[in-house]
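One structure is given below, encoded as structure tokens.
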Amino acid sequence: MNGLTIQLAGDRLAFNPGEGLAGSVNWSSEQAPRSLELRLFWFTRGKGIEDVGVVENLIFEQPLPQETRSFLLKLPQAPYSCLGTLVSVVWALELIAYPSKAVTRQEIEVGPGRKAARLRAVATDRPSALSVRFGK
Amino acid sequence: VLAIGYFFLALFNPRPRLTVTPGTPRLGDSVRVDWEISGRVESLKNFHVRLEGKEEATYQSGDKTATERSAFARLDIASSTLPQEMRSGSGNVIIPVDLMHSFTSKHNRIAWSIRIDGAIQWWPDLGEEFALTVMPAPPAATEDL
């Protein structure tokens, strides 16, 4: 397998939850692969043991040695991408060729405003929108 | 033995009861917290009600697994030093829309909770945590971010 690429429409790498994810995949090799699989998934990164959740996968059957095919996937409403001190949740697309298991990965951000939630450790109280009433 | 004694004494601490509305809030929601404390409220020197968001990561350390926690949000809802104010009351807090909703996978977690803390002289402090599930913001609320 000489080349595997994932190209997202408009070269976008950031999306709102629930948004459609359109693009194309391309491969090139001397012999046609048996099949290819495109996975949409999230995984955790950070101090903890990695967890993975595959949301959707597309199988490209009867591929030619060199070919480009388009795809359209839909992102779920959750989880958001997040960047934390201990835990990050990262979304990605992965294209796998079989039987060689050659792979390429494209990470994306998924969150409100097309941004990952950034979590910073707090040591002290932070101000908030607050209203208090004591007694019944 | 000391730890057993400590936890035995803590059994006689004031006991808080909370009502959270809405029960399963979304990011960006205003949350109302009503509390009632029964028992020796007058023994509390101070009292704090907070909304807290924490990251939790479970990792392998040799033959054992360990879990590390780090708070990313700690929002004051109420605090007092007066027994009549500690006994019952209510407060509101807005969950910031730009933070992370509750998330649980096998070894990693984003957890939200309401914490009630109070210091008691010569006695184990009051420290109770009530888990709260925070959902993602509704799609319309996130379009303008």
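The values are calculated or read from the model by the stated rules, or taken from the named source; none is laboratory data. Since we're looking at a predicted model, the values are computed, not measured. Note: ideal-geometry Cβ built from the backbone for every residue, glycine included; neighbour counts use all protein chains shown. Remember, those area values only see protein heavy atoms, side chains included, never the ligands or the DNA or RNA. Shrake-Rupley method; radii C 1.70, N 1.55, O 1.52, S 1.80 Å.
Enter the accessible area of B:R40 (Å², nearest 10), with the probe set to 1.4 Å and all protein chains included.
My reading of the accessible area for B:R40 is about 80 Å².
Can you compute the radius of gyration and Dmax for the protein assembly as shown, using only the Cα atoms, both in Å?
That works out to 24.3, 81 Å for Rg and Dmax.
Lys and Arg at +1, Asp and Glu at -1: add these up for the other residues within a Cβ distance under 12 Å of B:N13 and post the number.
Value of the local net charge: -1.
With a probe of 1.4 Å, find how much accessible area chain A has per residue, and write the answer as a whole number in Å².
52
Pairs of alpha-carbon atoms within less than 8 angstrom and 6+ residues apart define the contacts here; what relative contact order does chain B have, in percent?
So the answer I get is 30 percent.
Ignore the peptide's own chain and count Cβ atoms of other chains within 10 Å of each Cβ in A:75-85; give me the average, rounded.
If you average over the peptide's residues, the count of other-chain Cβ atoms is 5.
Going toward the positive end of the dipole of the stretch A:1-117, with +1 on Lys and Arg Cβ and -1 on Asp and Glu Cβ, which of A:L86, A:L38, A:V54 do you reach last?
A:L86
Ignoring ligands, DNA and RNA, how much accessible area is buried between chains A and B, both sides summed, with a 1.4 Å probe, to the nearest 100 Å²?
Adding both sides of the contact gives about 3600 Å².
Any idea what the dipole of chain A comes to, in debye rounded to 20, about its Cα centre with Lys/Arg Cβ at +1 and Asp/Glu Cβ at -1?
Here chain A has a charge dipole of around 820 debye.
Using a 1.4 Å probe on the protein heavy atoms, what percent of the accessible area of chain B belongs to carbon and sulfur?
Reported share for carbon and sulfur atoms: 53 percent.
What dipole magnitude, in Debye to the nearest 20, does the stretch B:17-145 give about its Cα centre under +1 on Lys/Arg Cβ and -1 on Asp/Glu Cβ?
For this selection, approximately 280 debye.
Shape call for chain B from the C-alpha gyration tensor, a ≥ b ≥ c root eigenvalues: rounded (a/c under 1.5), prolate (a/b greater than b/c) or oblate?
Oblate shape, in that a/c is at least 1.5 and b/c is the bigger or equal ratio.
Relative contact order of chain A, please, whole-number percent, based on alpha carbon pairs below 8 angstrom and at least 6 residues apart.
Over chain A, the number comes to 30 percent.
All other residues with a Cβ under 11 Å from the Cβ of A:G46 taken together, and with Lys, Arg as +1 and Asp, Glu as -1, what is their net charge?
-3
Add +1 for every Lys or Arg and -1 for every Asp or Glu among the other residues with Cβ under 10 Å from the Cβ of A:F60, and state the total.
-2
For the protein assembly as shown, how many pairs of lysine residues have a Cα-Cα distance under 27 Å, where the two are 8 or more positions apart or belong to different chains?
Close lysine pairs found across the protein assembly as shown: 15.
Once you charge only the Cβ atoms, +1 for Lys and Arg and -1 for Asp and Glu, what is the size of the charge dipole of the protein assembly as shown about its Cα centre, to the nearest 20 debye?
520
How large is log10 I(q)/I(0) at q = 0.15 Å⁻¹ when the Debye formula is applied to the Cα atoms of chain A, each weighted equally and without solvent?
-0.78
Work out from phi, with θ = phi - 60° and the Karplus expression 6.51 cos²θ - 1.76 cosθ + 1.60, the ³J(HN,Hα) of each residue of the stretch B:15-24, listed in order in whole Hz, and give x for Gly and Pro.
Per residue, the Karplus-derived 3J(HN,Hα) values read 10, x, 10, 10, 10, 10, 10, x, x, 10 Hz.
Any chance you could run the full-extension gain for B:E42 through B:T24? It's 0.36 nm times the residue separation minus the Cα-Cα distance, nm to one decimal.
Here the segment from B:E42 to B:T24 would lengthen by 3.3 nm.
Residue by residue through the stretch A:54-69, which ³J(HN,Hα) values in whole Hz follow from phi under the Karplus form 6.51 cos²θ - 1.76 cosθ + 1.60 (θ = phi - 60°), with glycine and proline marked x?
Values per residue, Gly and Pro as x: 7, 8, 7, 9, 10, 9, 9, 8, 6, x, 7, x, 10, 7, 10, 10 Hz.
With every protein chain left in place, what is the accessible area of B:V97 in Å² (1.4 Å probe, nearest 10)?
40
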